[in-house]
Amino acid sequence: MQLKRVVVTGLGALTPIGNTVNDYWEALKNGVSGSALITKFDTTKFKTKFACEVKNFNIENFMDRKEARRLDPFCQYAMVAADEAVKDAGLDIERINLDRVGVIWGAGIGGIKNFQDEVSSFAKGDGTPRYNPFFITKMIIDLSAGNISMKYGFRGVNFSTVSACASSTNAIVDAFNYIRLGKANIIVTGGSEMATCEAGIGGFNAMKALSERNDSPETASRPYDKDREGFVLGEGAGAIILEELEHAKARGATIYAELVGGGMSADAYHISAPHPEGLGVIAVMKNVLEDANIAPEEVDYINTHGTSTPIGDPQEIKAIQNVFGLHAYELNISSTKSMTGHLLGAAGAIEAIASILAIKYQTVPPTINHFTDDEEIDNQLNFTFNKAQERKIDVALSNTFGFGGHNCSVLFKKYN
């Protein structure tokens, strides 16, 4: 069977450093930190008092209040990013076969804010279960994909993926496979997350996963720096329109890049810690290269998972050196989480967008907040520290890993 070619024809982004794709890219290339003190709740009693929140955002600029009240913030974010992507792709709903347009959307936690608020309200009451009738539909993750499809009438494949922080990359790979197997013409894919609430911050604090650098939030996310001490929680959404190449050409679509490979693997080791020898990460990068029929020497840029955790960062770099050998010193590496924080289930989507835009603009966004080299990490590698770098980028790889040992990678190529 001849597999179809899959291209990117639309992008949408709502991030801590920009509420549109253009604003997001401008902030990325200029090394802007999205981390600041939390505004959504009183952090007095919390160990971590900052996060990478979406800023200057009012959902009523995108939908009426009644509709917004039926959606958890993670789903509101999904709707906004998807709308930008659909418009960017120039999809004419009247002229495309809606039975062949699908939605595959990822989230790691989903409606945690809604769940927290409803259960807290019940606990403070007299024991009578006065739950909001939209409690369940605001909470469950698949309603992100469902609501996007209902807005536009997309009647093709429709589901959501959950693999912790790998969720949205998993969604992208699934969408890629459905299209190249000929089961869809277009799929809206990506992911969203909004866990910047008491339950989210408190839960990750209990795991000792978050940075507690409250005196300097803007420099708290520092991947590959010797003094990194945990990730910074982020929120937002990223949407990508994937389309079968001939379908895109027939309607005169603008093509950002070609998606040529998707890889998945499992560490099969620990619920939250990476495999000490990086076996799962090695496997997923080998898988994506094999799937794309791309040699390691052809890769120009890797957008790493790079969360700014003491254990995770060195393991990923050792895995890159294992897979790419001497070529590891020729490519650029960067962690855009240094600017956006970690968007959990939405991380892969916005980082895939960063990789696509790196190809479009031939520019590698930086890893900011690097102050001190870590002797456990080979600093002869090009981490694109603190400043964007222009270079030839034909192939970009994006890594995303999740609690439970889920590993997922996607490979984009300049379209010719």
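The values are calculated or read from the model by the stated rules, or taken from the named source; none is laboratory data. Note that the structure is predicted; figures quoted are calculated from it, not measured. Positions of Cβ are generated from backbone atoms using ideal geometry, with glycine treated the same way; all protein chains shown enter the neighbour counts. What goes into the accessible areas is simple: the full protein's heavy atoms, side chains included, and nothing from ligands, DNA or RNA. Shrake-Rupley method; radii C 1.70, N 1.55, O 1.52, S 1.80 Å.
Considering amide H positions built from the backbone, and no H for Pro or chain starts, which residues 5 or more places from Thr363, or on another chain, come under 5 Å of its amide H?
Amide H neighbours of Thr363, under 5 Å, 5+ apart: Arg391.
For the chain, which whole percent of the accessible surface, found with a 1.4 angstrom probe, sits on carbon and sulfur atoms?
50
Counting DSSP beta bridges in the chain, what percent are antiparallel, to the nearest 5?
In the chain, approximately 65 percent of DSSP beta bridges are antiparallel ones.
Charges at C-beta only: +1 for Lys and Arg, -1 for Asp and Glu. How large is the resulting dipole of the stretch 246-350 about its Cα centre, in Debye rounded to 20?
Result for the stretch 246-350 is approximately 340 debye, rounded to the nearest 20.
Between the alpha-carbon centers of the stretch 367-409 and the stretch 213-232, tell me the distance in whole angstrom.
15
Taking the Cβ-Cβ separation of Asp23 and Leu181 as r and a Förster radius of 30 Å, what is the calculated FRET efficiency to the nearest 0.05?
The formula returns an efficiency of 0.30 here.
Return a single number: how many Lys pairs in the stretch 92-230, at a sequence separation of 8 or more or on separate chains, have alpha-carbon atoms below 25 angstrom apart.
The result is 8.
Solvent-accessible area of Arg5, probe 1.4 Å, all protein chains present, reported in Å² to the nearest ten, please.
110
How big is the equivalent ellipsoid of the chain along its three axes, where each semi-axis is √(5λ) from the Cα gyration tensor, reported in whole Å from largest to smallest?
Semi-axes (√(5λ), whole Å): 30, 28, 18.
About the Cα centre, and with charges only on the beta carbon of Lys, Arg (+1) and Asp, Glu (-1), how big is the dipole of the chain? Nearest 20 debye, please.
980
Among residues other than Phe134 whose Cβ falls under 10 Å from its Cβ, what is the net charge (Lys/Arg +1, Asp/Glu -1)?
+1
Given contacts defined as C-alpha pairs under 8 Å and at least six residues apart, what's the relative contact order of the chain, whole-number percent?
That works out to 24 percent.
Tell me, in nm to one decimal, what length is gained between Ser216 and Asp142 on full extension, where the rule is 0.36 nm per residue of separation less the Cα-Cα distance?
Extra length available between Ser216 and Asp142 comes to 23.0 nm.
So for each of 97-105, 85-93, 241-249 I average, over its residues, the number of other beta carbons within 10 Å; can you give me the resulting order with the highest mean first?
The peptides rank, most packed first, as 97-105, 241-249, 85-93.
Residues of the stretch 138-157 with backbone nitrogen within less than 17 Å of a virtual label 7 Å along the Cα-to-Cβ line of Arg70, please, listed as ranges.
Zone members listed by number: 138-154.
Pick from Phe401, Phe159, Phe46 the residue whose mean-square fluctuation is largest in a GNM of the chain, springs joining Cα atoms under 10 Å.
Answer for the Gaussian network model of the chain: Phe46.
Using only the Cα atoms of the stretch 127-216, build the gyration tensor, take square roots of its eigenvalues as a ≥ b ≥ c, and label the shape rounded, prolate or oblate: rounded if a/c is under 1.5, else prolate if a/b is larger than b/c, else oblate.
Note, shape of the stretch 127-216 comes out oblate.
Using the Karplus curve 6.51 cos²θ - 1.76 cosθ + 1.60 with θ = phi - 60°, what ³J(HN,Hα) values do you get for each residue of the stretch 107-113, in whole Hz, with x for Gly and Pro?
Once rounded to whole Hz, the list reads 7, x, 10, x, x, 5, 5.
For the pair Arg130/His270, report the inter-label distance in nm, with labels modelled 7 Å from Cα in the Cβ direction.
Taking the two extended label points, one gets 4.6 nm.
Over what distance in Å are the Cα centres of the stretch 289-340 and the stretch 1-77 separated?
Going from one Cα centre to the other spans 25 Å.
Starting from 0.36 nm per residue, how many nanometres of slack lie between Asn379 and Phe159 once their C-alpha separation is accounted for?
Contour length minus the Cα-Cα distance gives 75.1 nm.
Could you provide, to the nearest whole Å², the per residue accessible area of the stretch 78-181 with probe 1.4 Å?
On a per-residue basis, the stretch 78-181 sits at 44 Å².
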